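Q: Mind looking over this structure? Questions follow.
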Amino acid sequence: MCTALLLACTAAAAVGADVQAIDAEIEEVLQLSDECSQKGSQGHCALFALQRLASEAKSFGIPTSEFTDCHTALRGEECYAATTWAKHDGIFAHPEWYPGLSRASSFEEFQATLNARGLSGCQVPCGMDAATQNNMSSKGSNASNEGLSNGCSTGVFPGGLSRSSLCFCQLAQNPECAKQPCACPQGCGAGIGWKNAESVTFKNRARAQGCNPSTVLLTAPRAYFGTPADLKSCGQAALPIIETLLRDSWNMYQTHVGNRSLHQCFHGSHIASVQYLHMQSFCSSASFHAMPNANHYVGSCVKMLALSEVPSLAKQLYNMMQ
């Protein structure tokens with residue numbers, strides 16, 4: 001019945017029907033929608049209904065000049081999860097990632113910031129005027145490039161690197177690599193890894209020695225950095241990124257591998273075979289690729305016992321990285 005009402009509403013709009021009749025149809029859609037049946041969801045479900053109207057109109061070839069090219073994330077979408085995390089957790093953990101925003105900022109403002117930074121597949125949200133959207137885009141772009149003026153080597157994934165580097169870029173879901181053919185032998189589709197708000201975690205095909213399970217997890221930021229040295233060139237702006245990798249890799253290991261302490265390591269920049277920054281996580285009784293090692297040319301590692309250690313361990317790793 002809801003689909004029929006949507007079609008009636010868009011068809012009425014297409015022939016210039018009375019505005020009050022259109023509003024009545026939309027109101028009936030809102031009352032029938034599952035999204036709108038949940039207490040306190042009226043504002044979000046209104047956007048849901050309008051987006052459904054636009055979608056139905058396009059599928060039937062009805063002109064949709066009244067609908068803007070926007071999409072506010074819905075439950076079940078990657079962008080919805082990332083925006084919700086940013087609004088309720090990220091703003092407190094890393095306020096520098098969200099310039100101009102506060103705990104009181106709207107869901108749409110957080111989504112606009114993620115959109116400006118090319119994260120989590122977020123589109124321009126609906127319900128924002130052009131001036132506000134442009135302002136959010138400017139601030140979001142500046143946040144994503146924090147540290148560039150200090151020589152921070154991040155940005156566009158360069159061509160001409162190895163297939164392994166391209167594979168890591170694709171698994172990390174960096175937008176620069178999304179349209180290229182998959183370079184990963186295990187594939188690039190669903191089920192390969194686990195998505196976090198600012199990173200992606202996946203299994204290394206190689207195994208650690210001295211631990212059961214011997215699983216090694218790799219966690220890579222969505223933003224491109226070639227090596228730990230590239231990240232360290234960001235100065236203090238590197239610390240939030242290291243913290244994110246430590247936190248995300250810890251959570252993914254505890255959830256998908258086992259509850260245990262970890263070695264958290266970066267390969268040395270001069271010997272890393274893959275030119276896409278990634279953290280190696282394996283149990284603290286094991287070794288992997290000659291890590292841990294007191295020689296930081298080979299690698300930089302910290303032993304992690306609890307999530308609360310993230311800030312201090314990030315500083316230790318930053319000082320070790322070469």
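Q: Report the local net charge at Asn251: Lys and Arg +1, Asp and Glu -1, summed over other residues whose C-beta lies under 14 Å from its C-beta.
A: Values: positive: Lys195, Arg247, Arg260; negative: Asp89, Glu198, Glu243, Asp248, Glu309.
Summing Lys and Arg as +1 and Asp and Glu as -1 gives -2.
Q: Take each of the peptides 176-182, 289-295, 270-276, average the number of other beta-carbon atoms within 10 Å over its residues, and list them starting from the highest.
A: Numbers: 176-182: 13.0, 289-295: 15.0, 270-276: 16.7.
Ranked by mean Cβ neighbours within 10 Å, highest first: 270-276, 289-295, 176-182.
Q: At a probe radius of 1.4 Å, what is the per-residue accessible area of Asp69, in Å² to the nearest 10?
A: Its accessible surface works out to 140 Å², give or take rounding.
Q: Moving to a separate point now. Subtracting the Cα-Cα distance from 0.36 nm times the residue separation, let me have the gained length for Asn212 to Gln316 in nm, one decimal. List each step's numbers first, then the result.
A: Numbers: separation 104, 0.36 × 104 = 37.44 nm, distance 2.71 nm.
Length gained, Asn212 through Gln316: 34.7 nm.
Q: Could you tell me which of the pairs Lys87/Lys203; Lys179/Lys232; Lys179/Lys203 are separated by over 27 angstrom between their Cα atoms in the structure shown?
A: Numbers: Lys87/Lys203 29 Å; Lys179/Lys232 29 Å; Lys179/Lys203 23 Å.
Exceeds cut-off: Lys87/Lys203; Lys179/Lys232.
Q: Output the relative contact order of segment 228-322, whole-number percent, from Cα pairs under 8 angstrom with separation of 6+ residues. Present the calculation step by step, with values, prior to reporting the outcome.
A: Details: 132 pairs, mean separation 34.0, N = 95.
Computed value for segment 228-322: 36 percent relative contact order.
Q: Also, I was wondering about something else. Starting from the Cα of Leu307, move 7 Å in the Cα-to-Cβ direction to define the label point; list residues of segment 245-270 whose amide nitrogen is under 13 Å from there.
A: From segment 245-270, the list is 246-256.
Q: How high is the FRET efficiency between Asp69 and Glu176 when r is their beta carbon distance and R₀ equals 25 Å, given to the nearest 0.05?
A: Numbers: r = 23 Å, r/R0 = 0.90.
That gives a FRET efficiency of 0.65.
Q: Given the protein chains as shown and a 1.4 Å probe, how many square angstrom of Ser233 are accessible, to the nearest 10?
A: The accessible area of Ser233 comes to roughly 40 Å².
The values are calculated or read from the model by the stated rules, or taken from the named source; none is laboratory data. Small disclaimer: the values here were computed from a predicted structure and weren't measured. Please note: Cβ atoms are built from the backbone with ideal geometry, for glycine as well, and neighbour counts cover all protein chains shown. For accessibility, only protein heavy atoms count, side chains too; no ligands or nucleic acids. Shrake-Rupley method; radii C 1.70, N 1.55, O 1.52, S 1.80 Å.
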